[in-house]
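One structure, pasted below without further comment.
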Amino acid sequence: MKYLMELVVFFWFLALLKCTHQADLNIAIVGSGIGGTSCAYFLKEIFKDLVNLDIYEGNKVGGRLATVMMSDGNEYETGGSVIHQRNRYMSNFVTNLGLQKRKSVFKNERLGLYNGKDFDFIENDNYLVNMMNILWRYGYSIKRLQEFINSMLDKFERIYELQANGVSFDSTYDLLKAMDPSFVNYLNISVRDAYLKEEHFSEALITELVQASLRVNYGQNTNVHEFVGSVSMAGMDGSLWSVKGGNKRVVEKLLEKSNAHLVPEYVVQISRNNDSYTLLTNFKKKATYDYVVFAAPLAENQKVPITFSNMLLELNKVGKYHQTVSTLVVGEMKRTKFTPISDDLIPITIISNNENEFFNSISNVEGVNETASLNVWKIFSQHPLSSNQIDYLFENVSDVKVVDWLAYPHYKVPTETQSFHIADRLYHINAIEWTASAMEMSCIGAKNVALLIKKHYYGDEQNETNKRSHMEL
C-alpha cells in the first residue's frame, strides 16, 4: 500500500512537471485602457514567464485616458482627469512604476453652481466664511453626507485585502456584496431617493451638490443608482490628484512592465473553439488563444462593432453608454456672462445643474506637466458645441479641440448584476463599470479577471494532472 502511494505521488509529480513545462499560456486582451493594461500587469505578476500576452488596440494606447496638445504648446487631459487619494491600485502604480503625482499650479480655485440664470452657490476665498455659507445653505446634512461617504469608502477598501488573498468573484453582485452586503441594494434605488428618503439629507444638498457632482463626473442626474452617485460624491472632495505627464502615463508604463505585445489592430470577431478562441482583426489577421480578456465596453451602442461567433451574447440586454463631449478652448471667457464668479481673475469651475443648458461644466484646466493659463478651458457637454455656442462663451479664441466619446454607462434603476464571464475562458473587465465607472474600478475589475483566470487555469491543470496519474497507473 505504501509502495502504491509513493508511485501515485511520483507519477503526479512527473505529470505536474510535464504540464509546467508545456507550451506557454497564451492570453489576448482586447483594449489598451487602464483596465486592459492593468490586467496584463496582474497576469504577469501571477504567471510570470509562463504567459504570453497580446494586447489588441486599433486606436491610441490609453483608451479613455487621453490628452491633447493645444496651441499654447501644452498638453491637457481630455478623459479621466482625477484620482482619489484612497485609490490604492492607482497610487501603487504611480509609486512602483517610477511616476510622479502632479503638483497643482492653480491656487484658490472657485466653484460656482449655476442654475441657468444665476448661481445657487459660489465658493468664498475665505475658508471660515465659505464653511459658514455651506452650513447656512445645506445645514447639518453636509456633515452627515461626508460621514456617509467616508463610511462607504471604509467598506469599499475591503476589496483590496480580499484580492490580495486571491479571492475572485464571478459577478458584480458578488464583488459588491463582499465589500459590504448593503452595496447590492445601492443598485436598486436612485441616489436621489436613497439620500432623501433613507438618509434624510436636505433637498437643496441633493438638487445642487449631488446633482452637480453627477453632471461633471458622469453627465447624468440624481436618477442614477446610489452606488455610482456616492462614488461621484467621493470624487468631489479635495483629496484628488493626477499623474505628472498625464494619467495615460500609468497605462504606458503598465504595458511596458507587463511585457505584453501590442497589436495595433481592432478585433472584429471572437470565435469560440473547444478550449480556445480565435480572434479576427480588421486587417483579416487571425490568432488563437487559451484565454481572452475583453477590456472594452460592451453595449447596445457599441463604438467598434464586434461579432461573437459560436456563443450567445445579447447586447440589447446590456445597456447603452452615455455620450460625453470634451471641448478644450484657448481663449478668453466673456466674464460678464457669469458674474459675480468671474469678476476676479482667478481659476474657476462652473457646473450647470440645469439640464436644458447646453453645457455641463466649464473650468480652467492645468497642463499635464504642471503648467497653467487662465485662458485654457475645458467644457463638458452632452453634444458637440456649435461655433455660436463657443462664441457665446468665449472671445479671442485661438484653438479648439473636441473629443466626443461614449465615456461611461448610462445608469438606471434597477441595475442588474453583470457577469465577468462572457463564456468559458472569455472574460469582461468592463462589467464592473455598471456599478461605477472610474480608473480604480477598472483596476479592481482587471485584478478580479486575472484572479479568475488563475483559478480556472490551475483548477484545470490540477484536474488534468489527476487524470494523467490515473491513466499511467
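Roughly how many Å² is the accessible area per residue of the chain, as a whole number, for a 1.4 Å probe?
Dividing the accessible area of the chain by its residue count gives 46 Å².
Can you give the accessible area of residue 84 in Å² (nearest 10), computed on protein heavy atoms with a 1.4 Å probe?
20 Å²
Please compute the Kirkwood hydrodynamic radius of region 244-318 from all pairs of different C-alpha atoms, in Å with one decimal.
Result for region 244-318 stands at 14.4 Å.
Separate question: Put 103, 117, 285, 447 in order of accessible area, largest first, 1.4 Å probe: what do you get?
Working: 103 145, 117 185, 285 115, 447 30 Å².
Sorted descending by solvent-accessible area, the residues read 117, 103, 285, 447.
By Kyte-Doolittle mean hydropathy of at least 0.0 and Cα axial length of at least 20 Å, which whole DSSP H helices of the chain are selected?
Those that pass (Cα extent of 20 Å or more, hydropathy at least 0.0) are 2-20.
Let me ask something else about it. Can you send over the solvent-accessible area of residue 132, 1.4 Å probe, protein chains only, in Å² to the nearest 10?
The accessible area comes out at roughly 130 Å².
Let me ask you something else. For region 375-436, max minus min Cα coordinate along each principal axis, in Å, sorted largest first?
56, 27, 18
Determine the share of the chain's accessible area contributed by carbon and sulfur atoms, expressed in whole percent, with a 1.4 angstrom probe.
The nonpolar share, carbon plus sulfur, comes to 51 percent.
Now, a different point. With bins 10 Å wide starting at 0, give me the P(r) of region 149-289 over every alpha carbon pair, in whole percents.
All Cα pairs, binned at 10 Å, distribute as 10, 24, 27, 25, 12, 2 percent.
Counting each DSSP H run of 4 or more residues in the chain as -39500 (n - 2.57), what helix-only mean residue ellipticity at 222 nm follows after dividing by all residues, to the nearest 500 deg cm²/dmol? Intermediate results must be reported in sequence, preceding the final value.
Details: 13 runs with 158 residues, N = 473.
Calculated mean residue ellipticity at 222 nm is -10500 deg cm²/dmol.
Sticking with this one: Antiparallel DSSP bridges in the chain: what percent, to the nearest 5?
Antiparallel bridges: around 65 percent, rounded to the nearest 5.
Heavy-atom accessible area of residue 395 with all protein chains present, probe 1.4 Å, nearest 10 Å²?
Surface accessible to solvent at residue 395 totals approximately 80 Å².
Over what distance in Å are the Cα centres of region 167-198 and region 370-384 separated?
34 Å
Let me ask something else. In region 335-429, if every C-alpha pair distance is counted and binned at 5 Å from zero, what percent goes to each bin?
The calculated distribution, bin by bin, is 2, 9, 15, 20, 15, 10, 8, 7, 7, 4, 2, 1.
A follow-up question, please. Rank these by accessible area, largest first, 1.4 Å probe: 143, 107, 253.
Solvent-accessible surface, decreasing: 107, 143, 253.
Which label marks the calculated value of Kirkwood radius over Cα pairs in Å, given the options (1) 23.0; (2) 24.1; (3) 25.2?
After the calculation, the listed value that fits is (2).
Give me P(r) over region 244-371, computed from all C-alpha to C-alpha distances, binned every 10 Å, as integer percentages.
All Cα pairs considered, the percentages come to 9, 24, 25, 20, 16, 6, 1.
The values are calculated or read from the model by the stated rules, or taken from the named source; none is laboratory data. All values derive from a computational prediction rather than experimental measurement. For accessibility, only protein heavy atoms count, side chains too; no ligands or nucleic acids. Shrake-Rupley method; radii C 1.70, N 1.55, O 1.52, S 1.80 Å.
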